[in-house]
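K.L.:
I have a structure I would like to understand better, so I am pasting it below and will then ask my questions one at a time.
The values are calculated or read from the model by the stated rules, or taken from the named source; none is laboratory data. Predicted model, so just to flag it, every value in this text is computed and none were measured. FYI the Cβ positions are ideal-geometry reconstructions off the backbone, even for glycines, and counts take in every protein chain you see.
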């Protein structure tokens, strides 16, 4: 029916294009889009955001943050950061995602060094130098190596 | 009021022992980029200097022990001897950092990025959101 489905204004369209991020997924941008009258302008209206599957919502990701101008809003709310274009998570995003979803598997390697390639533990042990050498012997020129800290209830971890 | 506009947003990494603010870098020898190692480095704004595990230097084909060393004092007990080496830290998103880092001869579980790294970037933490922001310039 004519009139019921009108085009979204540009400002609203930008709001609904932001992908979920898992933690605080709506953020200021989405919250403001739901609750605030918009009189400002975004610099990111041309951006396109790929849809992010919900099951990946806690996956480590990075986003470029763009400046937003909202002169109609009071004080510091007039300028804020908004998540936008994703950038690479690192050289080992796949491995980090695997670590997030397979903590139970890695528990068997607690207090050891692990070399992870894709979704495979290629070497592990108490000596990181040996773990690197074993990974390289398997043809991995630049191994990803980390120490598996035990998950202990009630322990507060500090830097050193 | 100072307003900082950040280019990059990072979620804390969910590791086996919980969420942590860390960056994943490829560490390589500036004189021989063929040899590298991918490591996680924890952002530690309370540390005056960065300290990494000495095994990384071995993996880069370098000799850990040299005559340029500093003592790194933790919040308890004695101190760690860190041997200074200039290395290249690479991240596919935020770029490269040429940094002189202390590498410990003692085994340490975590690589810490301290204020010498923070001197090269701008970082803003939002702990409640388990998020931090970063600009790759001071």
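Each row is one residue, and each column tells you yes or no for (1) in the same structural domain as residue A:97 (by TED's automatic domain parsing); (2) at negative phi.
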position: A:113; (1), (2): yes, yes
position: A:117; (1), (2): yes, yes
position: A:122; (1), (2): yes, yes
position: A:125; (1), (2): yes, no
position: A:133; (1), (2): yes, yes
position: A:140; (1), (2): yes, yes
position: A:155; (1), (2): no, yes
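K.L.:
Could you please let me know if residue B:107 is surrounded by fewer than 19 Cβ atoms within 10 Å (Cβ to Cβ), in contact with a helix residue (DSSP H, G or I) (Cβ under 9 Å, 6 or more places away or on another chain) and more than 14 Å from residue B:27 (Cα to Cα)? Before the answer, list the steps.
P.N.:
On the way: surrounded by fewer than 19 Cβ atoms within 10 Å (Cβ to Cβ): yes; in contact with a helix residue (DSSP H, G or I) (Cβ under 9 Å, 6 or more places away or on another chain): yes; more than 14 Å from residue B:27 (Cα to Cα): yes.
When the stated conditions are applied, residue B:107 passes them.
K.L.:
Would you mention how many residues in region A:138-153 are within 20 Å of residue A:93 (Cα to Cα) and within 9 Å of chain B (Cβ to nearest Cβ)?
P.N.:
Looking only at that region, the number is 9.
K.L.:
Looking at B:15, B:43, B:37 in this structure, which one is modelled with pLDDT of 95 or more and at the interface with chain A (Cβ under 7 Å from one of its Cβ atoms)? Full working, then the answer.
P.N.:
Numbers: B:15 fails: modelled with pLDDT of 95 or more; B:43 fails: at the interface with chain A (Cβ under 7 Å from one of its Cβ atoms).
Of B:15, B:43, B:37, the one residue that is modelled with pLDDT of 95 or more and at the interface with chain A (Cβ under 7 Å from one of its Cβ atoms) is B:37.
K.L.:
On to the next question. Quick one: which strands (runs of 3 or more DSSP E) sit completely within region B:1-120 and have at least 2 residues that are under 15 Å from the mean Cα position of the chain (by Cα)?
P.N.:
Working: elements: B:8-11, B:13-15, B:18-20, B:22-29, B:32-43, B:51-53, B:69-72, B:80-91, B:95-104, B:111-113.
Filter on region B:1-120 gives B:22-29, B:32-43, B:51-53, B:80-91, B:95-104, B:111-113.
Quick grid of which residues meet (1) within 10 Å of another protein chain (Cβ to nearest Cβ); (2) closer than 22 Å to residue B:64 by Cα; (3) touching a helix residue (DSSP H, G or I) at 6+ places or on another chain (Cβ under 7 Å); (4) without any contact (Cβ under 8 Å) to a residue 40 or more places away in the chain:
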residue: A:92; (1), (2), (3), (4): yes, no, no, no
residue: A:98; (1), (2), (3), (4): no, no, no, yes
residue: A:109; (1), (2), (3), (4): yes, no, no, yes
residue: A:127; (1), (2), (3), (4): yes, yes, no, yes
residue: A:136; (1), (2), (3), (4): yes, yes, no, yes
residue: A:155; (1), (2), (3), (4): yes, no, no, yes
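K.L.:
While we're looking at this one, here's another question. Across region B:76-91, what is the total count of residues that are surrounded by fewer than 16 Cβ atoms within 10 Å (Cβ to Cβ) and within 11 Å of chain A (Cβ to nearest Cβ)?
P.N.:
The number of residues fulfilling the criteria is 3.
K.L.:
With respect to residue B:56, determine if the residue is buried (at least 21 other Cβ atoms within 10 Å of the Cβ), closer than 24 Å to residue A:117 by Cα and more than 7 Å from every other protein chain (Cβ to nearest Cβ).
P.N.:
Numbers: buried (at least 21 other Cβ atoms within 10 Å of the Cβ): yes; closer than 24 Å to residue A:117 by Cα: yes; more than 7 Å from every other protein chain (Cβ to nearest Cβ): yes.
Against the criterion (buried (at least 21 other Cβ atoms within 10 Å of the Cβ), closer than 24 Å to residue A:117 by Cα and more than 7 Å from every other protein chain (Cβ to nearest Cβ)), residue B:56 qualifies.
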